[in-house]
1. Go through ALA40, ALA114, ALA56 for me and flag whichever is buried (at least 19 other Cβ atoms within 10 Å of the Cβ), out of contact with any Gly (no Cβ under 7 Å at 6 or more places or on another chain) and either at pLDDT 95 or above or polar (S, T, N, Q) (or both).
2. Would you check if there is a residue in the stretch 78-94 being touching a Leu at 6+ places or on another chain (Cβ under 7 Å), under 23 Å from ALA170 (Cβ atoms) and among the hydroxyl-bearing types (Ser, Thr, Tyr)?
3. Taking the stretch 159-177 only, how many residues are under 17 Å from the mean Cα position of the chain (by Cα), among the small types (Gly, Ala, Ser) and not in a helix (DSSP H, G or I)?
4. When the residues of the stretch 1-25 are narrowed to those that are touching a Pro at 6+ places or on another chain (Cβ under 8 Å) and of a type outside the set (D, E, K, R), which ends up modelled with the highest pLDDT?
5. Can you pull out the residues in the stretch 26-40 that are under 22 Å from ALA114 (Cβ atoms), not in a loop (DSSP other than H, G, I, E, B) and not hydroxyl-bearing (Ser, Thr, Tyr)?
6. Answer yes or no as to whether GLY67 is in contact (Cβ under 8 Å) with a residue 40 or more places away in the chain, over 19 Å from the mean Cα position of the chain (by Cα) and within 14 Å of VAL121 (Cα to Cα).
7. Would you check which residues across the stretch 73-96 are touching a residue at least 40 places away in the same chain (Cβ under 8 Å) and either surrounded by fewer than 16 Cβ atoms within 10 Å (Cβ to Cβ) or assigned to a helix (DSSP H, G or I) (or both) and list them?
8. Could you please tell me which pairs satisfy a Cβ distance under 7 Å, a separation of 6+ or placement on different chains, a first residue in the stretch 106-132 that is part of a helix (DSSP H, G or I), and a second residue that is exposed (fewer than 15 other Cβ atoms within 10 Å of the Cβ)?
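The values are calculated or read from the model by the stated rules, or taken from the named source; none is laboratory data. Note that the coordinates shown come from a computational prediction; the quantities given were computed from them, not determined experimentally. Here Cβ is always computed from backbone atoms with ideal geometry, including for glycine, and neighbour counts include all displayed protein chains.
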Amino acid sequence: MTRRNQRDEEEIWCRTLAAVRSELAALPLAERSWLERQLARIATLQERLHAFFLAADGPELCRACDGACCGCGRNHLTLGNLLAILLAGREPPVPDWSAPCPWLAADGCRLPVAWRPFNCVSFVCEAVEERLADVDRESFYRLERELRAGYDALARRYPGGGRQGLLLRAERLGLRGFLSDPGAPVV
């Protein structure tokens, strides 16, 4: 994907946010219940993965390299992440499109761990991985596979779901809905 200018990113974000809000409001109760359960499972897995990162003193290692990995997260926020935020009755942080990652602030990520993108919670650098005991490393990657399956379940159910970033999905979907049938237009 070609890097867009900040105004284009802001426009796509606002349009995407409005579309997702609208589709979520129209979601039937049974579907909304399924979605809430799936997102709760994803949140739990993300928190469990993050515990390994903390146990390996990940935050200190990140400070030592100025969080270089976080600078690669520009388009990682997924439909699932946004839906989790909205279903919790919250608003996503206002993206800072001038930053390498629009969700990154000087003191770290502005998204709670449970709502962070898949890539941001499933990736550990070599320095973090080396600090994990073998059994913890195995557990981490087992949980990562479970988390991947959770995001993949969203992808099978919703055209905008999955692990791909929401703005990238928005470009690929065009006028199709994020939560609707793949051929259905956005209402």
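1. ALA114
2. Checked the stretch 78-94: at least one residue is touching a Leu at 6+ places or on another chain (Cβ under 7 Å), under 23 Å from ALA170 (Cβ atoms) and among the hydroxyl-bearing types (Ser, Thr, Tyr).
3. Qualifying residue count for the region: 4.
4. That would be LEU17.
5. Passing the criteria: GLU31, ARG32, TRP34, LEU35, GLU36, ARG37, GLN38, LEU39, ALA40.
6. On the way: in contact (Cβ under 8 Å) with a residue 40 or more places away in the chain: yes; over 19 Å from the mean Cα position of the chain (by Cα): no; within 14 Å of VAL121 (Cα to Cα): yes.
For GLY67, the condition - in contact (Cβ under 8 Å) with a residue 40 or more places away in the chain, over 19 Å from the mean Cα position of the chain (by Cα) and within 14 Å of VAL121 (Cα to Cα) - is not met.
7. Residues satisfying the conditions are LEU79, GLY80, ASN81, LEU82, LEU83, ALA84, LEU86, LEU87.
8. Within 7 Å, the pairs are VAL113/GLU47; ALA114/GLU47; ARG131/ASP57.
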